[in-house]
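Data block below; observations after.
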Number of protein chains: 2
Amino acid sequence: MRISSKGDYGLRALFDLAQRYGKGPVQSEDIARRQGIPINYLNQLLITMRRAGLIESLRGPQGGHMLARSPETITLRDVLIALEGPLLPGDGTREDLIPGVPEDHDLIDEVWSELRAQIETLLSRTTLDDLCQRKRQRAGSVMYYI
Amino acid sequence: MRISSKGDYGLRALFDLAQRYGKGPVQSEDIARRQGIPINYLNQLLITMRRAGLIESLRGPQGGHMLARSPETITLRDVLIALEGPLLPGDGTREDLIPGVPEDHDLIDEVWSELRAQIETLLSRTTLDDLCQRKRQRAGSVMYYI
DNA sequence: GTATTCTTGAGCAATTTGCTCTACTATGGC
DNA sequence: GCCATAGTAGAGCAAATTGCTCAAGAATAC
Ligand code: FES
Ligand code: FES
């Protein structure tokens with residue numbers, strides 16, 4: 001029930017890309033420097049995210065990474081599932097554990113399932129674009145109050 | 001972002017106790033047998049839960065474990081926090097990771113914080129008593145349809 | 001006092017986390 | 001075609017966590 005550094009760093013990187021969406025590829029070294037992510041580790045995460053279809057990458061000079069879709073269509077759920085694997089247990093429920101009294105076991109499995117569904121809808125409500133908007137708002141109000 | 005065997009086994013054990021609430025102490029061996037939990041491991045978990053104030057334990061013959069509070073007052077949040085530690089990162093945010101651009105970093109920290117709060121309220125909505133009621137309902141309808 | 005039941009803490013293999021490093025591949029510009 | 005610039009792939013690795021087991025001890029009912 002935690003978010004590992006993958007999810008944290010990964011979201012930072014995607015947020016970085018979201019702020020530069022539509023302005024050409026961003027190099028991993030730039031992301032790493034700005035967001036304070038160990039570059040070797042970030043490269044790994046970027047590959048994972050590309051394989052998950054969240055970003056696209058171009059090699060060679062002037063290459064880099066960019067969001068594969070617009071920021072409004074990428075949710076926290078997408079990010080966390082790509083980086084941390086399926087939420088809660090396995091796909092459905094934990095088949096690796098020893099079961100107990102069937103009625104009780106099934107009931108609890110259901111609870112976990114419902115919980116996962118609820119958490120996923122919760123996560124689906126926040127997009128990368130929401131983060132960008134929040135940042136702009138904040139920048140605006142800071143200006144305002146100075 | 002997963003629930004480990006601690007949370008799973010722990011909830012099973014508490015559910016077992018909830019179904020026997022008010023009927024005297026239940027021995028760990030009985031819980032282990034019914035719910036299919038390795039007994040040595042279960043003993044560990046029971047101690048953790050006692051230290052968290054969820055159960056009370058009595059030693060000696062006819063000893064055992066019982067809920068410290070009534071099942072309506074014990075929520076999934078209590079269970080998971082006791083067994084899995086604080087939800088999401090540390091207490092507030094992950095101070096172990098390298099920060100990046102302060103505006104971005106603070107924004108993302110906020111997102112994690114809000115997320116944790118939302119997940120906690122979600123978890124707080126289900127109590128052990130809810131599980132017991134669901135089981136009774138289910139048993140009822142099974143009877144009915146046979 | 002003795003059988004019963006919880007308590008404490010050590011120990012341990014297997015897995016996961018959080019990285020680093022090396023080698024390779026693709027591409028743009030000259 | 002050459003070469004500098006990026007991304008890609010995967011091995012490797014120390015440290016932490018997971019999922020347990022086990023042995024020794026302490027409390028209590030009878
Ligand atoms: S595996 Fe946990 S209750 Fe089914
Ligand atoms: S530690 Fe992750 S953004 Fe702050």
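The values are calculated or read from the model by the stated rules, or taken from the named source; none is laboratory data. The model shown is predicted, which means the values in this text are computed figures rather than measured ones. FYI the Cβ positions are ideal-geometry reconstructions off the backbone, even for glycines, and counts take in every protein chain you see.
With respect to B:Arg33, determine if the residue is within 16 Å of ligand 1 (Cβ to nearest atom) and surrounded by fewer than 16 Cβ atoms within 10 Å (Cβ to Cβ). Taking the combined requirement at face value, the residue satisfies it.
Within region A:1-40, being within 16 Å of ligand 2 (Cβ to nearest atom) and more than 22 Å from A:Ile81 (Cα to Cα) holds for A:Arg33, A:Arg34, A:Gly36.
Taking region B:124-139 as the region of interest, how many residues are within 19 Å of A:Glu120 (Cα to Cα) and away from ligand 1 (no atom under 16 Å from the Cβ)?
Taking region B:124-139 first, the residues within 19 Å of A:Glu120 (Cα to Cα) are B:124-126.
With away from ligand 1 (no atom under 16 Å from the Cβ) added as a condition, the list becomes B:124-125.
Summing the residues that are within 19 Å of A:Glu120 (Cα to Cα) and away from ligand 1 (no atom under 16 Å from the Cβ) in region B:124-139 gives 2.
Annotation for region A:45-67: at least one member residue is of a type outside the set (Lys, Arg), more than 10 Å from chain B (Cβ to nearest Cβ), closer than 22 Å to B:Leu107 by Cα and surrounded by fewer than 20 Cβ atoms within 10 Å (Cβ to Cβ). Pairs are defined by a Cβ separation below 9 Å, a sequence spacing of at least 6 or placement on different chains, a first member in region B:51-65 that is free of Cβ contacts under 8 Å to residues at least 24 places away in the same chain, and a second member that is more than 6 Å from DNA strand C (Cβ to nearest atom) and in a strand (DSSP E or B); the pairs so defined are B:Glu56/B:Met66; B:Glu56/B:Leu67.
Against the conditions (1) within 17 Å of B:Leu97 (Cβ to Cβ); (2) in contact with a Pro (Cβ under 9 Å, 6 or more places away or on another chain), A:Ala18 satisfies every one except (1).
Only one residue in B:Val111, B:Val79 is part of a helix (DSSP H, G or I), under 30 Å from A:Leu17 (Cα atoms) and modelled with pLDDT of 90 or more. Which one?
Working: B:Val79 fails: under 30 Å from A:Leu17 (Cα atoms).
Residue meeting the stated conditions: B:Val111.
Any residue at all in region B:82-94 that is in a loop (DSSP other than H, G, I, E, B), away from DNA strand D (no atom under 16 Å from the Cβ), within 14 Å of chain A (Cβ to nearest Cβ) and closer than 23 Å to A:Thr126 by Cβ? The answer is yes; a qualifying residue exists.
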